Amino acid sequence: MAETVKKTRMSRAISALLFLSVVFNFVIVGAFLGFMLRPNGVPMHDRGSPPLRDLGFGAYSSALPKEDRRMLLQEMSGVRDQLRDSRALLKKQMEELAAVLSTEPFDPAKMNAIMEAQEQVLLERQRLGRRLFVDHVSRMPEERRNAYAERIAAMSQRMGAREGAER
């Protein structure tokens, strides 16, 4: 009988631990999904601004001081409609690609045509972003621009060091 009581207590403790473990895992997964599924990957306070990474300037924009990133986002607000339209077009093209991929017989020419159309949309978005980015950097005072250049050079060196370590 004492053995049964011991097993019951132990199984309750194990059940409680398993329950806490599951709850903890849900909290972690929920936090991760909440972070990843933010509107356009942008914090709520920047919700109305298109993200800089949308235009393909991830490393360059992350090297900018926070103030410059905010200013650049404000400058981008003038092209918000154009970016929203191109994002909608890319979404439509992705849906078309998914349909082509699941159609039998598979038509590689259709897939290629859709991907070429996507490439053009992405290139236009990048051109627009480059124009805004260059205009912004050209208005920076020399001292701030030099500091920006140093941050980019440091990022480049870190990338080179990582590449060497991967070999």
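The values are calculated or read from the model by the stated rules, or taken from the named source; none is laboratory data. This structure is a prediction, so every number in the text was calculated from the model and none was measured. Every residue, glycine as well, gets a Cβ built from its backbone with ideal geometry; the counts of neighbours run over all protein chains shown.
Is it true that some residue in the range 132-142 is at pLDDT 90 or above and hydroxyl-bearing (Ser, Thr, Tyr)? There is at least one residue in the range 132-142 that is at pLDDT 90 or above and hydroxyl-bearing (Ser, Thr, Tyr). Selection over the range 104-144 of residues that are surrounded by 11 or more Cβ atoms within 10 Å (Cβ to Cβ), polar (S, T, N, Q) and over 21 Å from LEU83 (Cα atoms) gives a count of 1. Exactly one residue among ALA109, ALA88 is over 23 Å from the mean Cα position of the chain (by Cα) and not in a loop (DSSP other than H, G, I, E, B), and that residue is ALA109. Screening SER49 with (1) at pLDDT below 70; (2) over 30 Å from ALA147 (Cβ atoms); (3) not in a helix (DSSP H, G or I) gives one miss only, at (2). For the range 85-109, the tally of residues that are closer than 26 Å to LEU128 by Cβ and of a type in the set (Asp, Glu) stands at 3.
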